[in-house]
1. For region 110-141, which residues satisfy the criterion of being small (G, A, S) and over 22 Å from T160 (Cβ atoms)?
2. Those residues that are over 12 Å from L207 (Cα atoms), free of Cβ contacts under 8 Å to residues at least 60 places away in the same chain and open to solvent by less than 30 Å² (accessible area, probe 1.4 Å), I need them from region 147-161; list them, please.
3. Give the number of residues within region 5-22 that are open to solvent by less than 90 Å² (accessible area, probe 1.4 Å) and modelled with pLDDT of 75 or more.
4. Return a yes/no flag: does region 64-73 have any residue that is among the hydrophobic types (A, V, I, L, M, F, W, C) and not in a loop (DSSP other than H, G, I, E, B).
5. Just the residues that are at pLDDT 95 or above, farther than 14 Å from A234 by Cα and among the hydrophobic types (A, V, I, L, M, F, W, C), please, taken from region 23-45.
6. Scanning region 46-85 for residues that are open to solvent by 60 Å² or more (accessible area, probe 1.4 Å) and in contact with a Leu (Cβ under 8 Å, 6 or more places away or on another chain), which turns out modelled with the lowest pLDDT?
7. Just to verify a result, which residue in region 93-142, among those that are in a strand (DSSP E or B) and open to solvent by 10 Å² or more (accessible area, probe 1.4 Å), is farthest from Q79 (Cα to Cα)?
8. Any residue that is touching a helix residue (DSSP H, G or I) at 6+ places or on another chain (Cβ under 9 Å), open to solvent by 30 Å² or more (accessible area, probe 1.4 Å), of a type in the set (D, E, K, R) and farther than 27 Å from D38 by Cα - is there at least one of those in region 164-182?
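The values are calculated or read from the model by the stated rules, or taken from the named source; none is laboratory data. Treat the numbers as computed from the prediction; the structure is a model and nothing was measured. Here the Cβ positions follow ideal geometry from the backbone for every residue, glycine too, while neighbour counts run over all protein chains shown. SASA here: full protein model, heavy atoms, side chains in, ligands and nucleic acids out. Shrake-Rupley method; radii C 1.70, N 1.55, O 1.52, S 1.80 Å.
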Amino acid sequence: MKIKKAVILAGGEGSRMAPASKIVAKEMLPVVDRPVLDFLVEDLISVGVTDILIVSNKNKICIQNYFNNSKVNFQYIYQDSPLGVANALMHAKQFVGSSPFFLLYGDVIFSAKRSSVAQLYDVFKSQKCNILGARKVKPSKISLYGALGFKEVKGVKFITRIVEKPLPSQAPSNMVIAGQYILFPEIFEEISKMGAGQLFTDALLGLAKNNNLAAVEIDGKCFDVGSKIGYVMATLHYAML
C-alpha cells in the first residue's frame, strides 16, 4: 500500500522562539543553510510522497513562497487561530480523502541514517495499521511529553495507554510521542467524537483498539526546533556533519 499524501502542521504561533518567530515562521528558521521544513519535505519526497498539505496561518506566507517551485504538489490551508493538533488536522480531512497519510509536526526533525518517515513506513507496510513515531527520553524529562504504554506482539509494540505529561513515577514507560505518524482516515471520526477538554491523544487511543496503533521507536537524533535549546542543538549537529 503506497502513501502519496502528507500533512504538515505548522500553524503554531512559535512563542518559544519569539521574537525571531514574529519575523520568520519558526518552521522556516534556518538550520545552518536550510529551513526546518525543508528537512521534512525532503524525507517525504524520498519515500514517494507526491502531495503535501501544510496547515498554517496567513502570517507564514514565507512557507508558500519557499516551496513555490517544488518537485511535489503543495496545498495550503490557513487557520484563523491555532486550537491544537486535533483542530488543525480536521482542516486536512478533504485533502486526505480515503487513503492513509503521513502526519508530521513542523517543528520536529530527525537526523537518521534511514529517515524517520522511512522507518515508520517499513512497519506500516508489514502491519497495515496506524503508526505512531516514538522515542526514549530521560525520566527527568518525561513530564514534558505524552508517555506511552504498550504491549509487544511478535516484536511490534502496540499502544495501550498514552499519559500526558506524567510524573516519572506515573509514566508507563520512558517512550514518548515523537510528532510523526502514519494514520488512516478513521482518525477524523475519532476526532469528531472528542468532547470538551479532550486532547489529540484521546483520538489516538480511539485508534488503538484491536492492535490498530503501533509505536515505532525512531532510530536517530530528535530535535525540537520549536524550542531555543532544540534549535541550537540542531544547528550545531548539522553544522558538524
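1. Within region 110-141, S111, A112, S115, S116, A118, S140 meet the criteria.
2. Scanning region 147-161 gives A147, G149, V156.
3. 8
4. No, there is no match, as no residue in region 64-73 is among the hydrophobic types (A, V, I, L, M, F, W, C) and not in a loop (DSSP other than H, G, I, E, B).
5. Answer for region 23-45, where residues must be at pLDDT 95 or above, farther than 14 Å from A234 by Cα and among the hydrophobic types (A, V, I, L, M, F, W, C): V41, L44, I45.
6. Out of the qualifying residues, it is Y66.
7. So the residue we want is K136.
8. yes
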